[in-house]
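Here's the structure, in structure tokens; my notes come after.
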Amino acid sequence: MEKGKMIYEGKAKKVFKTDDPQQFLVEFKDDATAFDGVKKDKLEDKGILNNRLSAIFFGLLETEGVETHYVKTVSEREMLVKSLEIIPVEVIVRNIAAGSMSKRLGLPEGEALNKTVIEFSLKDDELHDPMINHYHIYAMDLAKAEEMATIEASALKINDILTAYLKDKGITLVDFKLEFGRHQGRVILGDEISPDTCRFWDSSSGEKLDKDRFRRDLGGVIEAYREVLRRLEGSE
């Protein structure tokens, strides 16, 4: 596998071509951003931690029958993935009111929802990722109805798998963001699963173990990410 030209750079990752047109190389960065890039910093080893955490989560989902873009880890910061045509719809799965949902709907942060909520936003940094619904998605031809049915079913299945898995590790899965893409005619899971894209709370204390520590100036960001990895790997 040869690393080729960079084809995309986002806030947290770079994507490169390889000598196989069906595979890309993803490099995880140490950059941390919040509030549409207004707040920025570099957090040493964040990219390494998110690479390892995403590999664990993708591997778990694959064993449970959820196809992801993950192929293998190739270095401490890089993973080989299936090439995707990303569907520009971010999928947010919420089990507990937190963050923007609390602000928009006036729900106390930490209030358990009676039913899991799925929200969608347009993947567009310049527009600040506005919320959209199925009507917008079909009107803008972002995805077909059958693709959205696959995405929603996958998102709920992923939620069930991750919630049960993390509960056993003493972690509550509050909410998380997913991205999907097309690969050889199939819609599969892409992007990453990490404390950058999920809200993880300690099940006993409620302590935040995710990017909210950076957003809210709570400190101990990397320590929290390391704690999540420690629990998932079962290491002391």
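General remarks:
- Pick from the stretch 80-122, criterion of a type in the set (Lys, Arg) and within 18 Å of Ile158 (Cβ to Cβ), ranking: surrounded by the most Cβ atoms within 10 Å (Cβ to Cβ): Arg94
- Any hit, the stretch 168-177, residues being within 16 Å of the chain's Cα centre (by Cα), more than 21 Å from Arg213 (Cα to Cα) and surrounded by fewer than 22 Cβ atoms within 10 Å (Cβ to Cβ): no
- In the stretch 195-215, the residues that are over 20 Å from Glu179 (Cβ atoms) and part of a loop (DSSP other than H, G, I, E, B): Ser203, Ser204, Ser205, Gly206, Glu207, Leu209
- Filtered by the rule that a residue be at positive phi and in contact with a helix residue (DSSP H, G or I) (Cβ under 9 Å, 6 or more places away or on another chain), the stretch 177-212 gives a lone residue, Asp191.
- Qualifying strands (runs of 3 or more DSSP E) (wholly inside the stretch 38-146; at least 3 residues being in the same structural domain as Val15 (by TED's automatic domain parsing), small (Gly, Ala, Ser) and over 18 Å from the mean Cα position of the chain (by Cα)): none
- Subset of the stretch 163-179 (residues that are under 14 Å from Thr68 (Cα atoms) and not in a strand (DSSP E or B)): Glu179
- Once the stretch 8-27 is narrowed to residues that are surrounded by fewer than 16 Cβ atoms within 10 Å (Cβ to Cβ) and more than 20 Å from the chain's Cα centre (by Cα), the residue that is nearest to Ile193 (Cα to Cα) is Gln22.
- Counted residues, the stretch 180-194 - those being in contact with a Leu (Cβ under 9 Å, 6 or more places away or on another chain) and either small (Gly, Ala, Ser) or in a loop (DSSP other than H, G, I, E, B) (or both): 6
- The stretch 28-75 - residue that is farther than 26 Å from His183 by Cα and of a type in the set (Lys, Arg) and, of those, surrounded by the most Cβ atoms within 10 Å (Cβ to Cβ): Lys46
- Inter-residue pairs, beta-carbon under 7 Å, first more than 19 Å from Leu25 (Cα to Cα) and touching a residue at least 60 places away in the same chain (Cβ under 8 Å) and in the stretch 62-76, second in a helix (DSSP H, G or I) and not β-branched (Val, Ile, Thr), 6+ apart: Val66/Ser154; Val66/Lys157
- Any chance Val26 is modelled with pLDDT of 95 or more and out of contact with any Asp or Glu (no Cβ under 7 Å at 6 or more places or on another chain): no
The values are calculated or read from the model by the stated rules, or taken from the named source; none is laboratory data. The shown structure was predicted, so the numbers you read here are calculated from the model rather than taken from an experiment. All Cβ positions, glycine included, derive from the backbone under ideal geometry; neighbour counts span all protein chains shown.
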